[in-house]
Amino acid sequence: MNRPETRRRAEVISSAANMTLFLLFAVCCLVMITVAASAYSRINENYGNTFNSTAAVRYITNKIRASEGVEILAENQLLLENSGYSTLIYQQGGVVYERLFAEDDIVVPEGGEELFSAEKLLLQKRNGLVSVTITDEDGGNFNALCRATDGGDGNA
């Protein structure tokens, strides 16, 4: 027999079960969104660091290939000589800078244009090749070897 009390109790239990299922669904959706946002943030940060460092290495090696002469002044200073001007690429305070100088100007590593962020720039000559190594904020190293137009025989 269907009494009104039993029917009412069944409706209340059914409504409570529906609300509980909806609440469980909403909590699961929020957890999934939080996990996805966290993963995206990590991926985006790692991609940004990798892109910045590899772009810095490629930029410097392209500048070396395009120059007429290459001279390493210090482990983080590269002087590229061209007709009528010189380019100094150097690293200070976690940033790689570039500055142009007229042919007869005194070359000083200050006042350059900011190019890339990098914890360390290491430049070395090895067997006629110039080794360019960039260290990013996470300690990852990105390097390339480049043969200069002058054969890498500039002063080291």
Given the conditions (1) in contact with a Lys or Arg (Cβ under 9 Å, 6 or more places away or on another chain); (2) more than 24 Å from Thr133 (Cα to Cα), every one holds for Ile72 apart from (2)
The condition of being of a type in the set (A, V, I, L, M) and at pLDDT 90 or above holds, among Leu73, Leu30, only for Leu30
When restricted to Ala36, Ala74, Ala56, Ala66, the only residue of a type in the set (Gly, Ala, Ser) and farther than 30 Å from Lys125 by Cβ is Ala36
Restricting attention to segment 52-93, the residues that are under 21 Å from Glu137 (Cα atoms), in contact (Cβ under 8 Å) with a residue 60 or more places away in the chain, touching a Leu at 6+ places or on another chain (Cβ under 8 Å) and surrounded by fewer than 19 Cβ atoms within 10 Å (Cβ to Cβ) number exactly 0
(message) Taking the conditions exactly as written (of a type outside the set (A, V, I, L, M), in contact with a strand residue (DSSP E or B) (Cβ under 8 Å, 6 or more places away or on another chain) and free of Cβ contacts under 8 Å to residues at least 12 places away in the same chain), does Asn141 satisfy them or not?
(response) yes
Exception for Gly139 within (1) assigned to a strand (DSSP E or B); (2) closer than 23 Å to Gly48 by Cα; (3) open to solvent by 20 Å² or more (accessible area, probe 1.4 Å) falls at (1)
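Restricting attention to segment 96-114, and to residues there that are under 26 Å from the mean Cα position of the chain (by Cα) and modelled with pLDDT of 90 or more, which single residue is surrounded by the most Cβ atoms within 10 Å (Cβ to Cβ)?
Here the answer is Val96.
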Condition set over 17 Å from Val70 (Cβ atoms) and among the aliphatic types (A, V, I, L, M), scope segment 115-133, selection modelled with the highest pLDDT: answer is Leu115
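The values are calculated or read from the model by the stated rules, or taken from the named source; none is laboratory data. What you see is a predicted model; the values in this text were computed from it and never measured. All Cβ positions, glycine included, derive from the backbone under ideal geometry; neighbour counts span all protein chains shown. For accessibility, only protein heavy atoms count, side chains too; no ligands or nucleic acids. Shrake-Rupley method; radii C 1.70, N 1.55, O 1.52, S 1.80 Å.
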